[in-house]
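Visitor: Just dropping this structure here.
The values are calculated or read from the model by the stated rules, or taken from the named source; none is laboratory data. Being a predicted model, the structure only gives us computed values, none of them experimental. Neighbour counts run over all protein chains shown; Cβ positions are idealised from the backbone, glycine included.
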Amino acid sequence: MTKHQRKDRHSRVGPATLLITVSVFFTASLSLAQSEPTVSDSVPVDSQAVASIAPVTSLIVEDFKYDDGEKLLLSWIPSIDDVPEVGRITGYEVYRITDGGEPEKIGDLVAGKNSYEDDGLSRESQYQYYVVALSDGGSAMSVMTAPSSPEREWINFGRTNLFLVALIIGGAIIFFIGSARRGKKLFVRKIAGLEAVDEAIGRATEMGRPILFIPGIRDMDDVQTLAALTILGRVAEQVANYDVQIRMPVSRSLVMTAARETIKAGFQTAGRPDAYNDDMVNYVTDEQFGYVAAVDGVMVREKPATVFLLGAFFAESLILAETGNSVGAIQIAGTARPAQLPFFVAACDFTLIGEELFAASAYLSGEPKALGSLKGQDVGKGIAMAAILIGVASATLAELTGWGAMTSLLEIMKGLFSSQ
Amino acid sequence: MRREIPLAITIFVGFLLIFSVFFPPVEDLGENFSLFFDIIAVFAFFLGGGNLVRIHGKKLLKRKPDWAFSIVTLVGFFLMLAAGLFKIGNPGDISSNVTAEGSLFAIMYDNIFKPLGATMYALLAFFVASASYRAFRAKNREATILLSAAFVILLGSTPLGALLTSWMPDSLSILEIPNLAVWILSSPNLAGQRAIIIGIGLGVVSMSLRLILGVERSYLGDEGA
Amino acid sequence: MLWVGATLGFLMLLRLIPKIGWISRWPLSFIVGCTAGLYLINYFSSNMMRQVQDTIMPLFGAWLADPTTGQTAFSAFPAYDVVGNVVVAVGTFAGLVYFFFSKEHKGAFGATARVGIFFLMITFGASFGYTVMSRMSLLIGRIDFLFGDWLGMIR
Amino acid sequence: MWNGHIWGMKVHNLGVILVLLVIGSGLLWLLARALRGKEVDRRVIFAFIFVSVAAPLLITMTFTFRATPIVEAVFDKIESLPPGSHVLISYDFDPAMAPEVQPMANVLTRHALVRNHKVIFMCLFATGQGQLNVTLRDVIAADFPDKLDGIDYVNLGYKAGNEGVLNVIVSDFKKMFPTDVNTVPFDSIELLDGIKSCKDLDLVISIGGGLPGLKEWILFVGDPGGVPTAGGVAAVVAPQLYPYYPRQLLGLLGGVKGAAEYESHFRERYPQFDDMPTPAIIMMGPQTIAHIVIMSFIVIGNILYFRERRKGRRV
């Protein structure tokens, strides 16, 4: 038996399921009872279908939880004739009546379905539904539901866990930024790729060749591009200090604009605003391989001493890294796209892996505030590690021993990290 | 004021979008953002395109090295722009689709643009070959592990891998190369991927907060002009 | 609502007038704020929460229901699955240790981080293998086009 | 003509031996140079890889493949859905990626149609439309001439907006696709009766390899909408999708190998398609040779490296 066929062994689930089923029946019949005077007498039944198939039962309408009041959730117990393989039921049709108007077919479902989500409704209208079971011989119609409208919820309680965990980790980051600001000393370990940045810029100075900075090929709506720009800010400072050339062909106009501001700021921090000029950054083309061709051209013609490849990279990563290597440049690469990492690891001198890319600017700046955010990030990792440890242990023990306490701990851990 | 207003904007929209996830009535804000972003990006293209024309125009006029290539760039740029803008050769009127069959735009796109792109893309195979000859070396223990894993995967995805270990008894079938390749993908690879992905998740949270709180603000440029 | 985007886009163009060029930082900061805010929760829930939840699993076995009798009984996972589960749990944990910034990689902590690197390297190796496969297919496709469709040498 | 077996593959002609000889002797030459500590120019490597890919294309080698569980899961899902189920196939790739993933799109479409499912086609890549037309021509027009547009399958065409499109269609199809590609209004397409959003679909398949792709389908449609999601991707992104399998991702065809497994499995189950084109299986011939060459490069490169290192130590 495979893992996926596993079932819950706890006997209390049996009665619980029963209880739920009974209560669903109960609420369903209650809601039907309430609507009795207006609806149930007038249930239209297809006369010839009576003999052939049974309709669906216990049709209930509920408000879809945690939306802006646009959805209703229909559920029912399938017709007793809806048996797999035997297949007397060919499907279901869902009808809707809006504000007492004409019925309108809104759904066409295959046999076996027992729910339907009706979206795009208005809070101001009243909706009634019925479901028609179809067979080759005829059809059978269910009772009609009482009029109901979707409700708007202001807070999405389905995401309480997400909110809580995010709050803890976000709070930790903000806390450490704050405590660093108050002057607390924070330790951050060495990150090899970043230790090399100064050296790489220094090398360009010695060789009298430019530095090439490639911020990936995506636009400003990608966090990796933002990460690359924050690193650029630190690199630009050094570039200004060492008085080397920086070349930055980009593939998005917005990135061009933002990169210019970033370099300008870096030059000003270094106290050399006059050395900045707009031509350091130029736009090439949005097209992936057109851009690659242009950057390769720059590499081959200008033979940069140092190449930074930081940001979101796709297939072009290897073309750029290999070309950079062939002109003898020192290359520092980093991306959060795992597929491209092996090539950077192989063809570049230093590689920032995933998270390190996002941490880089904080690390490079050496500013206590920024370093504090790395500390906060570690709190998040600590939580993840603890959760994995406790979760795996409790899951294993719960299965091995069947202790109720372990089972509940497992439920808590799983529940805590369910994020809808 | 030159940095305060932008910072305020960042803080405001940043937190607004974070919280919109938890409040259904404003849940759609994210969708609107993508729309705004596209519009802003279109406007920004005037800057990018203008920059392209300016740089190559300058290169051409001053006869800088390789100025001849600039002619190709500029001709390509303006020809494609005109073809799309004025719908040159389009079968229908001006309202027809840019890429309608028979239009100059479609002809250039299909016969110049697409093959050039595909060619650059296919060059990758050559770079993969030269990288494996030159760069993938067992310099240390880490690199050796990388290489071994790559080897198993490469072998496992060919019939050769199945053949090499087909002599193994059934009880050891797990060690057959294709099965080993699947195991590497679904266990250690999964573990590594997860660690990277979780790390990225946290890294993004921390960096986004730095940006929103204004700890990181170099993209806003200098204090002065 | 579109006018908001259009206005911001227009502000972007003010960059062309040096005197008031700094106003173009407004749309830029709008984009940065939005991207940061949007991705923060997105990445957090799908990358961190989801992956942690998926890693929580029993290692050795589970109680299963017999399909014929309906009785539940403990059944140990096959050794293959057990090894796989242990590797995933240990590897993910060790990988996270590697990314830890606020502790020097020394002693037991350093050893775990080293194990983490090994896992990352296996991941990269697997990626590399699959990428080679992809790139070669690409070249095959291209050459197939050149020789087949274009020169008509094949088939 | 000689008809034997090498490495479990059927060899149809002597050409194979010739090709293997050429490539083998080339590799030996490289090895000999490496043993003497001599590097070769990048251009030699480039030329070599070109020959090793091009030469096997001129001959035919066929293999049989056993489907791995992750591929079989997709097959079983399509097989087990009741006839008439709605299956969406999204073409999220461009011509450059086509050699790898077009075979998947074709065989999956063929399978869905032979099971009498209703197939909805769409693309998230503008250039995916052209690839979709290839399927319409090579699969539907060729093998299913009696299947009708609008009844058995429908082509919704391309919509710009990447993930944004997914974000909308997970709750409302018509908002993004008011008409199909032939401007037939959404409401008057018989096949789409009762399909309001992706949640009403029985299976979603994304074929691709770039951005947006299968991962976005999982995150924006499969997960929030609770729709079974499967896919076929270029091998390069396959390892990143394993974390989603099997909970969020039903099954996956990774690269040419995955496609070849599916083709093999499909042909076994439906012998009437025995003579259908199997581009992926055919491609696995040159693919195998290319892999061997790449592995040899790594080995030779390392021999060179260790020689140099030893020399370096002695000095």
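Visitor: Tally up the residues in segment B:33-52 that are buried (at least 17 other Cβ atoms within 10 Å of the Cβ) and either in contact with a Leu (Cβ under 7 Å, 6 or more places away or on another chain) or more than 10 Å from chain A (Cβ to nearest Cβ) (or both), please.
Guide: Looking only at that region, the number is 7.
Visitor: If only one of A:Ile173, A:Ile177 is within 11 Å of chain C (Cβ to nearest Cβ) and touching a residue at least 40 places away in the same chain (Cβ under 8 Å), which one is it? Give the steps one after another, and end with the answer.
Guide: Values: A:Ile177 fails: within 11 Å of chain C (Cβ to nearest Cβ).
One residue alone meets the criteria, A:Ile173.
Visitor: May I pose another question? Could you tell me whether segment A:90-111 includes any residue that is at pLDDT below 85, within 16 Å of A:Val131 (Cα to Cα), part of a loop (DSSP other than H, G, I, E, B) and of a type in the set (D, E, K, R)? Spell out how you get there, then give the answer.
Guide: Filtering segment A:90-111 for residues at pLDDT below 85 gives A:90-91, A:105-111.
Those left that are additionally within 16 Å of A:Val131 (Cα to Cα): A:90-91, A:105-111.
Filter once more, so that each one left must be part of a loop (DSSP other than H, G, I, E, B): A:111.
Okay, now just the ones that are also of a type in the set (D, E, K, R), so none.
No, the conditions are met nowhere in segment A:90-111.
Visitor: Identify, from the list B:Ile112, B:Ile107, B:Ile94, B:Ile39, the residue that is over 26 Å from A:Ala294 (Cα atoms), at pLDDT 80 or above and in the same structural domain as B:Ile18 (by TED's automatic domain parsing).
Guide: B:Ile39
Visitor: With respect to the numbered conditions (1) more than 7 Å from chain C (Cβ to nearest Cβ); (2) surrounded by fewer than 24 Cβ atoms within 10 Å (Cβ to Cβ); (3) under 26 Å from C:Met57 (Cα atoms), which one is the sole condition not fulfilled by B:Ala181?
Guide: Only one criterion is unmet by B:Ala181, namely (2).
Visitor: Of the residues that make up segment B:128-139, is at least one out of contact with any Cys (no Cβ under 9 Å at 6 or more places or on another chain), surrounded by fewer than 15 Cβ atoms within 10 Å (Cβ to Cβ) and either modelled with pLDDT under 85 or closer than 19 Å to C:Tyr130 by Cα (or both)?
Guide: Yes, segment B:128-139 has at least one match.
Visitor: Additional query: So which residues in segment B:125-141 are within 11 Å of chain C (Cβ to nearest Cβ) and either more than 12 Å from D:Phe46 (Cα to Cα) or β-branched (Val, Ile, Thr) (or both)?
Guide: Passing the criteria: B:Val128, B:Ala135, B:Phe136, B:Asn140, B:Arg141.
Visitor: Now for a different question. Among the residues of segment A:354-377, is any over 25 Å from A:Ile177 (Cα atoms), touching a helix residue (DSSP H, G or I) at 6+ places or on another chain (Cβ under 6 Å), among the hydrophobic types (A, V, I, L, M, F, W, C) and touching a residue at least 24 places away in the same chain (Cβ under 8 Å)?
Guide: no
Visitor: Which one of the conditions (1) part of a loop (DSSP other than H, G, I, E, B); (2) over 22 Å from the mean Cα position of the chain (by Cα) does D:Phe125 fail to meet, given that it meets all the rest?
Guide: So the condition that D:Phe125 fails would be (2).
Visitor: Go through segment D:196-315 and tell me which helices (runs of 4 or more DSSP H), entirely inside it, have 2 or more residues that are hydrophobic (A, V, I, L, M, F, W, C), at the interface with another protein chain (Cβ under 8 Å from one of its Cβ atoms) and out of contact with any Cys (no Cβ under 8 Å at 6 or more places or on another chain).
Guide: D:279-314
Visitor: Does B:Val53 count as in contact (Cβ under 8 Å) with a residue 12 or more places away in the chain and of a type in the set (Val, Ile, Thr)? Outline the logic, then answer.
Guide: Values: in contact (Cβ under 8 Å) with a residue 12 or more places away in the chain: yes; of a type in the set (Val, Ile, Thr): yes.
Yes, satisfied.
Visitor: Yes or no: segment A:213-221 includes at least one residue that is modelled with pLDDT under 90, outside any helix (DSSP H, G or I) and buried (at least 21 other Cβ atoms within 10 Å of the Cβ).
Guide: Here is the first cut: in segment A:213-221, the residues modelled with pLDDT under 90 are A:221.
With outside any helix (DSSP H, G or I) added as a condition, the list becomes A:221.
Imposing the further condition that a residue be buried (at least 21 other Cβ atoms within 10 Å of the Cβ) reduces the set to A:221.
Yes - at least one qualifying residue is present in segment A:213-221.
Visitor: Taking the residues in segment D:149-198 that are more than 18 Å from D:Thr127 (Cβ to Cβ) and among the hydroxyl-bearing types (Ser, Thr, Tyr) as candidates, determine which candidate is surrounded by the fewest Cβ atoms within 10 Å (Cβ to Cβ).
Guide: That would be D:Thr183.
Visitor: Regarding segment B:63-73, can at least one residue be identified that is of a type outside the set (Ser, Thr, Tyr), touching a Lys or Arg at 6+ places or on another chain (Cβ under 6 Å) and more than 8 Å from every other protein chain (Cβ to nearest Cβ)?
Guide: Yes, that holds for at least one residue.
Visitor: Answer yes or no: is there a residue in segment A:148-155 that is more than 14 Å from chain D (Cβ to nearest Cβ), of a type outside the set (S, T, N, Q) and either in contact with a helix residue (DSSP H, G or I) (Cβ under 6 Å, 6 or more places away or on another chain) or on the phi > 0 side of the Ramachandran plot (or both).
Guide: Within segment A:148-155, one or more residues are more than 14 Å from chain D (Cβ to nearest Cβ), of a type outside the set (S, T, N, Q) and either in contact with a helix residue (DSSP H, G or I) (Cβ under 6 Å, 6 or more places away or on another chain) or on the phi > 0 side of the Ramachandran plot (or both).
Visitor: Starting from segment D:141-167, take each residue that is assigned by TED's automatic domain parsing to the domain that holds D:Ser197 and list its partners that are modelled with pLDDT under 90 and of a type in the set (Ser, Thr, Tyr), counting only C-beta distances under 6 angstrom and pairs at least six apart or across chains.
Guide: Within 6 Å, the pairs are D:Gly164/B:Ser34.
Visitor: Exactly one condition in (1) surrounded by fewer than 24 Cβ atoms within 10 Å (Cβ to Cβ); (2) within 26 Å of B:Leu155 (Cα to Cα); (3) of a type in the set (A, V, I, L, M, F, W, C) is false for B:Ile196; which is it?
Guide: Condition (1) is where B:Ile196 drops out.
Visitor: Check segment B:77-89 and report whether any residue there is among the small types (Gly, Ala, Ser), surrounded by 13 or more Cβ atoms within 10 Å (Cβ to Cβ) and more than 28 Å from the chain's Cα centre (by Cα). Break it down into steps so the answer makes sense when it comes.
Guide: First pass over segment B:77-89, keeping only residues among the small types (Gly, Ala, Ser): B:82-84, B:89.
Those still in the list that are surrounded by 13 or more Cβ atoms within 10 Å (Cβ to Cβ) too: B:82-84, B:89.
Narrowing the set further to residues that are more than 28 Å from the chain's Cα centre (by Cα) leaves B:89.
So far as segment B:77-89 goes, yes, one or more of its residues are among the small types (Gly, Ala, Ser), surrounded by 13 or more Cβ atoms within 10 Å (Cβ to Cβ) and more than 28 Å from the chain's Cα centre (by Cα).
Visitor: Moving to a separate point now. Limited to segment A:348-390, what total is found for residues that are within 23 Å of the chain's Cα centre (by Cα), at the interface with another protein chain (Cβ under 9 Å from one of its Cβ atoms) and outside any helix (DSSP H, G or I)?
Guide: 2
Visitor: To continue, here is another question. Taking the condition crowded, with 21+ Cβ neighbours inside 10 Å and free of Cβ contacts under 8 Å to residues at least 24 places away in the same chain, does C:Leu151 pass?
Guide: The answer is no for C:Leu151.
So that you can scan it fast, the table gives a plain yes or no per residue for (1) surrounded by fewer than 20 Cβ atoms within 10 Å (Cβ to Cβ); (2) in a loop (DSSP other than H, G, I, E, B); (3) more than 13 Å from every other protein chain (Cβ to nearest Cβ); (4) acidic (Asp, Glu):
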| residue | (1), (2), (3), (4) |
| --- | --- |
| A:Glu70 | yes, yes, no, yes |
| A:Gly120 | yes, yes, no, no |
| A:Tyr130 | no, no, yes, no |
| A:Ala140 | no, no, yes, no |
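Each row is one residue, and each column tells you yes or no for (1) at pLDDT below 85; (2) of a type outside the set (D, E, K, R); (3) assigned to a loop (DSSP other than H, G, I, E, B).
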{"position": "C:Ala111", "(1), (2), (3)": "no, yes, no"}
{"position": "C:Arg114", "(1), (2), (3)": "no, no, no"}
{"position": "C:Leu120", "(1), (2), (3)": "no, yes, no"}
{"position": "C:Thr123", "(1), (2), (3)": "no, yes, no"}
{"position": "C:Met133", "(1), (2), (3)": "no, yes, no"}
{"position": "C:Leu139", "(1), (2), (3)": "no, yes, no"}
{"position": "C:Phe145", "(1), (2), (3)": "yes, yes, no"}
{"position": "C:Gly152", "(1), (2), (3)": "yes, yes, yes"}
{"position": "C:Arg155", "(1), (2), (3)": "yes, no, yes"}
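Visitor: Test C:Ala36 against the criterion of being in the same structural domain as C:Ala6 (by TED's automatic domain parsing), within 20 Å of the chain's Cα centre (by Cα) and either of a type in the set (S, T, N, Q) or modelled with pLDDT of 90 or more (or both), and give yes or no. I'd like the intermediate steps shown before the answer.
Guide: Working: in the same structural domain as C:Ala6 (by TED's automatic domain parsing): yes; within 20 Å of the chain's Cα centre (by Cα): yes; either of a type in the set (S, T, N, Q) or modelled with pLDDT of 90 or more (or both): yes.
Yes; evaluated as a whole, the condition is true for this residue.
Visitor: Please find, among A:Arg123, A:Arg189, A:Arg152, A:Arg182, the residue that is within 27 Å of C:His105 (Cβ to Cβ) and of a type in the set (Lys, Arg).
Guide: On inspection, the qualifying residue turns out to be A:Arg189.
Visitor: Please find, among B:Phe12, B:Phe23, B:Phe45, the residue that is hydrophobic (A, V, I, L, M, F, W, C) and closer than 22 Å to B:Ser218 by Cβ.
Guide: After ruling out the rest, the residue left standing is B:Phe12.
Visitor: Being crowded, with 16+ Cβ neighbours inside 10 Å, among the aliphatic types (A, V, I, L, M), within 7 Å of another protein chain (Cβ to nearest Cβ) and part of a helix (DSSP H, G or I) is the requirement here; does C:Met49 meet it?
Guide: yes
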